[in-house]
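These notes are about the structure you will find just below.
The values are calculated or read from the model by the stated rules, or taken from the named source; none is laboratory data. Note that the structure is predicted; figures quoted are calculated from it, not measured. We place every Cβ from the backbone using ideal geometry, glycine too, and count neighbours over all the protein chains shown.
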Amino acid sequence: MNEQSGRKTLVLTGASRGIGHATVKRFSREGWRVITCSRKVFDDNCPWPAGPDDHIKIDLSDPEDVGGAVSEIRHRIEKEGGQLHALVNNAGISPKTDNGQRLNSMETPMHTWRDVFQVNFFAPIMLARGLFKELKAGKGSIVNVTSIAGSRVHPFAGTAYATSKAALSSLTREMAADFGPHGIRVNAIAPGEIETAILSPGTQKIVDNIPLRRLGTTDEVAETIFFLCSESASYVTGSEIHINGGQHV
């Protein structure tokens, strides 16, 4: 734990809603310090008291902004012993057409491919490499949030999103092999249909074919993330856990 505060520290991207928001609450409940990163400034109406001091505004689609954020995160961690115990790469973007339809491989503009891969794929490895020293000091855990769309054609998720998540899944294995000798575990979770604000119309048709016959909750995803960052998962690395009610079977 951090020498000065006695707390463990988590860095979380995409913290402002859905799975990220539930993850903040789950780790905070266990006494962790949570450094949140998102495109928005901290909302003064948020009831989380530590928010203003532990929030970093970052545009993950801008590599220079990511580099600047890494420096700021390292500076804040250094104040409490220089140890980082968990990095959760949760942020992701999935652009649609102007009328809200999925973008397929023939219609996705090249600039959209680049933006999606920068946020969903490059940012996670940039953050992990940039915070390597702190993760090594804390014997930390990295969790990459992939998707069921990374392993099958999805009716709503676009091609750029799906392929970026498939790439992140493969990267998780590579990172586990590379970071493991330094005491850093790297795993992924692949959520299916989770009840969040970004669900698309027609989701109920998918739910009808899920073995558990329901949507997942953000709290259920957050529990799995917390498990992977806890001592209970101390010998788990290079894994990808499906959180989809059996949708993948």
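Pairs meeting the criteria (first residue in region 134-147 and among the basic types (Lys, Arg), second residue outside any loop (DSSP other than H, G, I, E, B), beta carbons under 7 Å, at least 6 apart or on different chains) are 136/182. Only residues that are in contact with a Gly (Cβ under 9 Å, 6 or more places away or on another chain), of a type in the set (A, V, I, L, M, F, W, C), buried (at least 24 other Cβ atoms within 10 Å of the Cβ) and modelled with pLDDT of 80 or more were counted in region 141-155, giving 1. Could you grab me the full set of residues in region 133-163 that are among the β-branched types (Val, Ile, Thr) and either closer than 20 Å to residue 114 by Cα or over 15 Å from the mean Cα position of the chain (by Cα) (or both)? Correct list: 145, 146, 153, 159, 163.
Entry remark, region 218-229: residues being surrounded by fewer than 19 Cβ atoms within 10 Å (Cβ to Cβ) and touching a residue at least 40 places away in the same chain (Cβ under 8 Å) number 2 in total. On the stretch given as region 6-21, residues that are small (Gly, Ala, Ser) and crowded, with 21+ Cβ neighbours inside 10 Å total 3.
Could you grab me the full set of residues in region 219-249 that are within 15 Å of residue 19 (Cα to Cα) and touching a Lys or Arg at 6+ places or on another chain (Cβ under 6 Å)? Passing the criteria: 222, 226.
Filtering region 204-245 to residues that are within 19 Å of the chain's Cα centre (by Cα) and part of a loop (DSSP other than H, G, I, E, B) leaves 217, 229, 230, 236, 237, 238, 239, 244.
Of 192, 158, 246, 183, which residue is over 19 Å from residue 122 (Cβ atoms), out of contact with any Gly (no Cβ under 6 Å at 6 or more places or on another chain) and surrounded by 14 or more Cβ atoms within 10 Å (Cβ to Cβ)? Reasoning before the result, please.
On the way: 158 fails: over 19 Å from residue 122 (Cβ atoms); 246 fails: surrounded by 14 or more Cβ atoms within 10 Å (Cβ to Cβ); 183 fails: surrounded by 14 or more Cβ atoms within 10 Å (Cβ to Cβ).
On inspection, the qualifying residue turns out to be 192.
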